[in-house]
1. Every residue in the range A:1-23 that is surrounded by 14 or more Cβ atoms within 10 Å (Cβ to Cβ), free of Cβ contacts under 8 Å to residues at least 40 places away in the same chain and under 11 Å from residue A:51 (Cβ atoms), please.
2. Considering the range D:16-28 alone, what residues qualify as being under 26 Å from residue D:72 (Cα atoms) and in a helix (DSSP H, G or I)?
3. Hey, any hits in the range B:170-177 for a residue that's in contact with a strand residue (DSSP E or B) (Cβ under 9 Å, 6 or more places away or on another chain), surrounded by 24 or more Cβ atoms within 10 Å (Cβ to Cβ) and either in the same structural domain as residue B:284 (by TED's automatic domain parsing) or under 29 Å from residue B:39 (Cα atoms) (or both)?
4. Checking the conditions here, which among D:256, D:233 is modelled with pLDDT of 95 or more, closer than 30 Å to residue D:6 by Cβ, touching a helix residue (DSSP H, G or I) at 6+ places or on another chain (Cβ under 8 Å) and buried (at least 24 other Cβ atoms within 10 Å of the Cβ)?
5. Does residue C:86 meet the test of being over 24 Å from residue C:273 (Cα atoms) and under 27 Å from the mean Cα position of the chain (by Cα)?
6. When residues of the range D:218-238 are filtered for being more than 12 Å from chain A (Cβ to nearest Cβ) and without any contact (Cβ under 8 Å) to a residue 60 or more places away in the chain, how many remain?
7. Mind checking which residues of the range B:95-108 are part of a loop (DSSP other than H, G, I, E, B), closer than 21 Å to residue B:204 by Cβ and touching a helix residue (DSSP H, G or I) at 6+ places or on another chain (Cβ under 9 Å)?
8. Condition first: assigned to a loop (DSSP other than H, G, I, E, B), buried (at least 18 other Cβ atoms within 10 Å of the Cβ), in contact with a strand residue (DSSP E or B) (Cβ under 6 Å, 6 or more places away or on another chain) and in contact (Cβ under 8 Å) with a residue 24 or more places away in the chain. Can you find one or more residues in the range C:109-122 that meet it?
C-alpha cells in the first residue's frame, strides 16, 4: 500500500498515522521528497486492508498497488508523463527529441564543432560526458567542471539543453548547477544513494537501464527517484549483456513497448552504447522509433577516429543528417514526428535559457 | 578457400584435384549437393595460395574467404538472394510477406477457420506445426501427416504456400511431399545431420536461430545447408535466451541489420516466439520491419485461449488485421511494402500450385 | 498423473483405460517403451483425481506428480539410480568413475596410444567421437564406423567400456552395435526424436545439458528417454552459455547438488567442454567431486597440439595422472573414492565384455 | 606501462617526468595513494618503449604490462598476497577463514545471539549489513550507525573482526571508524568513485564481483583500488546472472582458479548470495574450497524465517556447525585447513583488537 500525504500535512499528522500503522504490526517506509511525503506500508495484506488510511487527516490518497513499483506504475497514473526540458523541449509527447553529442567532452573546440553541426541539423539536445565512468583507472576520466562549462557555453549560444552524467552524490550540486538533465549511467542504476539524491532535485533525470537489470529492477530504481519527490524520470534502454559478441550489448527493444505498458514514464533508446558500432545504428534507430521510443540518444563526433572514448560507435554529423532523413518517415508512420529546432529562433530563445541556468 | 566445381565436372576431374590438394598437406571437405559440388580447402594459408585451383579442369571458381562461413557470405555473393516460394511469393524483395497460422495444426476445422481468416486478410503464406518439438514427452506432439494433409488442402483451396517444421531426417520425404517451405526449429539449428539433409532438397528452408546461438554459429548452420546444394535458405531471428523473464526470450532485432550485412540470404523475424505474449507483438513487428526484416512469422489462432500450445502468444485474426494496418505505413517509410494477396485471383492460381505439389 | 501399465498388460486393457480417460475430457499421451507402457494423463486436476486408475486391470501404479518431470523425479523414486556399465563399472555409487579419451577418434594408432595410457592409469572408461557435431561443414566430421571399430578393439584389448555420441536416429543401430554407452550431445538435448529413440534401447545414455537449457528442461529431456523405457540415463553438466568469455562456457556446478536433489539419476561433470582450457581443469574437477558429482568426463590426448578438435582443452596422460592424485583425497573427504581398474585383471575381464558386444 | 615512483620522490621529480612523457605525445594518469604514486603511461607502444623511465630520478620501477590490469596482475607480483585482518586473522594463506553473520543487522539482541553462536563454533569473522542496498525504496534499508555500534560491541566481546558494506563515499569515514574490513557490494563494483575512495584508506576491502561483470572488468575494478594505494583487496565471487532461475544467480566457481592464475590477490566465495537457497550451500561450499577459495562468506541467522532480508539463504548455527564438519576434510584434501578460533584465547585477544579500533 502506498499512502500519499497532502502537501500541507503536519508532522503530527504523519507521526500519528505512522504510530497507528506500526501498532498493527505493519512496517512503514517514509520517503520525504521536497514536494511530497509518501509512506510505503509493508506487511500482511489482510492487515493492511483493515487500516482506514484515507480517513486520517493529512492523507491525500492510498493506493493498493500489487506491483512492487508503485508511483511509476500505470496503475498509479494512467496518462503518459511528459517531461519538460529547458524552455522548448518536451519528452514523452508526439514529437520525438534526439539527444546527441560526444561520449566525453574532450575540449572546447571539438565540442563546439560537434554542437554547431548538431544545432545546424536541428537536433534539439546536446549530450556530453564531464565525469566518465571508465573501466580502467588509467583511462581518460573526463574534464569535470571544465566540460560542464564548455557545455553550458554551447547552451548559451545555441539554446540546446544539456544532458550529462552524475556519478557521485558529492558532484550533484556541481552538475546540477550546469546541466538541464542529469543522467544516471548503467553502472549506477542500482547506486541507491545516488538515486535518492537525484530524487530530491528539481531537474529531469535520464535513468539508464543496468546492463543486466531486469525490467522490474529498472522500474524499482525509477521508483527510488520518484518516491523521493522527483517525478521527471526518463527511462533509457541501452542494451543488455548477453552471450552475443558481434554487438557490444544486445539492444532489448521489446523493453520499449513493455515499459510503456507498465509505467507512465517516457522511454528513450540509446543505440550507440547498445551496439558499439555505427553500421547498425540507422536501422536500429528506425526500429526504436517504430517500437514506440519517446526519444533517441546518439553519440556523434566530428572525427570519431580521434575520440578519446567510444569512437567506434560515434556517428559523424553527415551520418546523423542521413539518419534524420530516415527517421522522419518512420516517425510519421507511427503517428509521431522527429523534433527539429530551427537555428535562428533557437538562438534567440537560448538567451532566456542561458539566463535561467 | 572454397572451390566450386562446374556442374558438368567428371569424377576423374574431382579425384585429380583432391589428390593434388591433399598431396600438399592440405585437408579437403567435399560437399556434394544435387546441383553443385564444393570443396572446402583447409590448412596453412600460404600453402593454399600456391595451388592454381582455377587452372584445373572441372573447376568453376575459387574463393579465398576469410569468414568461416563462405557460400552464405556477402563476400561470396554481393546481391540479395530472393527466394521464390510457390508461384506467387518472393521473399527477400521489396514486398514483405507475412507467414501466419497456428503453432500446431490441431484439427481440420480450426485450421480451415484460421486459414480462411488469414486468406481473407490477404496474408500470403500459412504456417502450422505437424511435428511439434515439445519440452515434455506428455504434451501434444502434433498430428503428423494428418496435419500436413489438412494444410495441403488449405493450399489447394486458397493458394497459400505452406510452411511446416521438419524435426527428423526420417520425416523429410514425407514433409517434403506436402510443404512448400521446410522449417528447421530453434532446437535443431545445430542438428547438423538434419541441416545436411535439407541441404539436399529443392525446397526453401526457414532456419530458425538457436536460442543461444551466436550470429556466427547461425551463419555456419546456414552454410551447412547451402554447402550441400540448397541455396534457398531464409534466416529467422526468434529471440535469444537471456536473464530477462518478462518476455519469453529477448528479441535480438539488431541481428536483422547485422545479418543483412554479413550474408546475402533473406532474414525474417518471429516476434511470437521471441515475446511469448501478444501485447508486445504489434510494436515489435513494426520495429522488425523498420529494422529491415524481409518477412514476419506470426502465430494466429481463432481462439487463442483454446490452443493446445502457445495460446498466450497467438493473435486473433482481428488483431492480425489491425497489425497489418500498422505495418503498411512503416514498410512504406523504409521503402518497402507488405505483400498482400487478393482472395479471388489467388484461388485461381492455387490450382496451379496444387498441381505442382 | 502418470499411469504405469503392468509389463503383461493386454492391448484391450490399454484401450479400455484410454477410452475411459478420454471420455472424461482428459488428454492422454502413451509412451510405449520396450519394457514399459506409460500413460501421461493431462487436463483438469480435479477431473484427474476422480479417475480410479489403479482399479483398472492392467494398471500397475498411478503417480500424481506435481513436477512436470515425473519418472526421473525423486518424488517418483527416492533411492539413487546406479547405472551398470559393461561388466565392471557402476556409475552412481560410492566409487566415482572417470571417462576419458580424445574428443574425436582420429586414427587407430593415436587412439591406441591414448587408451593404453589411460588404461595404465586405471581409468575405467574410454570416450571418443566417431560422429562429430561440428559448427562448420568444412571441419573434420569424425571417422564414423571406422572409429567405432577402433574403439571396440580397444575394449577387446583393455576391457574399457566405450562411450560415443549418436547424432542421428539413423545411426543408432550402428552406434548401438559398438558402444557401451550412448552419448547425446549438448546440441541434441532437445532433439526429441533422438531422445525417443535412445529411450527404446537397452544401453545407458549420457545426456549432456544443452548449453542454454534450464535445469527443468534438462530433466524434461531425461524424462523423454525414461518415459520410453530406458531408465539408464546419466545426466552430464558441461557448462552453460553466459557473457563471460575467459572460459568457453560457464561450468554451473551448482547444477550437481540441485539435480541430485530433484532426480534419482546419476550426475556427472565434463569440465573439458565447460572450460575449454586445461589450466582450470584440475581445480574444477576437484570442485565437481566435492560438489557431489558421480563421475567425470575428461578429454585426454597424447599430443593435444595435434588434435583435430578441442586440443586446447585436452589433458596429456601425465596431466591426467597428476589429476588422479589430486582427486583421490577430495573424493575421500566427501566419503567416496575414485574408481580405478587394474590393468591385468581387466584384460581378463575384457574378453567377457568383448564377447557381449 | 606502469611507472612506480619511489616512496620519497619529490614533486619536482614527478613534474619533470610527466612533462617529459607528455612531450612525447603520450598520455599519463597519476594515481597518488597514501604510500605510493603510480603513473600509467598510455599511448603508442613504440613511443613508450623509447622513454628511459628508470633513469629518471625518483622512479623506482617501470613495468611493461600487457594486461589492462597492472598492479593486481600476477605479472606484477608473483607471490600470493596475504591480507591481515585484525590481530589474528590472515586471508590468503593456508588456513581458510569463514566470514559469517546476518545479511542485515536487525537489532542488538539478535545480532548478539548470532555472533555468540558463531564465536562458539570458532568462526573467526563476523559480517553484517548496516547500510543495505535494497532493490525497493520501501524495503528495510539497514540500521546505519546503530548497526555498526552493535557490531563493534560484538568485536569487543568476542574479538571477531567485523565486515560491513559501504555504499556511499559520504559514509566512508563512519564505516571506517567501526569496521575491520570494508565491503563493496556487487551493485557498486563499478562505482568508480567509491573504489577510488576505498583505495585511499588503510583497511582491507572485500570487492564483490558485479553480477554481470566479466573477470577482466572485475580485475579492473580491483585495479582502481590498488592503484590508489590500498593493496589489501580481497576478491569475492558471488554468482553471475544467467538464464537459469532455479538458483538466484549462477555461482561461477571457475572464477576461483582463473582469478588465482591472473592475480596475486586472495579470492573468496559467497555461496549464500549466489544460490539464494540453503539446501545447496553445503555442497557448493565444499566445492569452493576444493576449487581453491581462500575464504567463504556465509549468511547465518538464528531464525532465518524471521530475517528482514535474505532469510531463504541463511543457515542456522546448527547448519553452520554441520557445514564446518564437512569443510574440514575437504580443506585438508587440498592441503589447507579451516581457520577456527578458540573462545577463551580470543576473548583475551579481543581486548587488543577493541583498543585498536
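1. A:20, A:21
2. Initial filter on the range D:16-28 (under 26 Å from residue D:72 (Cα atoms)): D:17-18, D:21-22, D:26-28.
Result: D:17, D:18, D:21, D:22.
3. Scanning the range B:170-177 turns up no residue that is in contact with a strand residue (DSSP E or B) (Cβ under 9 Å, 6 or more places away or on another chain), surrounded by 24 or more Cβ atoms within 10 Å (Cβ to Cβ) and either in the same structural domain as residue B:284 (by TED's automatic domain parsing) or under 29 Å from residue B:39 (Cα atoms) (or both).
4. D:233
5. Numbers: over 24 Å from residue C:273 (Cα atoms): yes; under 27 Å from the mean Cα position of the chain (by Cα): yes.
Yes: the conditions hold for residue C:86.
6. Our first condition is that a residue be more than 12 Å from chain A (Cβ to nearest Cβ); within the range D:218-238, this holds for D:230-238.
Now drop any that are not without any contact (Cβ under 8 Å) to a residue 60 or more places away in the chain, which leaves D:235, D:237-238.
Selection size over the range D:218-238: 3.
7. The answer is B:102, B:103, B:105.
8. For the range C:109-122, residues assigned to a loop (DSSP other than H, G, I, E, B), buried (at least 18 other Cβ atoms within 10 Å of the Cβ), in contact with a strand residue (DSSP E or B) (Cβ under 6 Å, 6 or more places away or on another chain) and in contact (Cβ under 8 Å) with a residue 24 or more places away in the chain: absent.
The values are calculated or read from the model by the stated rules, or taken from the named source; none is laboratory data. These numbers were taken from a predicted model, which means no experiment stands behind them. Virtual Cβ from ideal backbone geometry, glycine too; neighbours counted across all protein chains shown.
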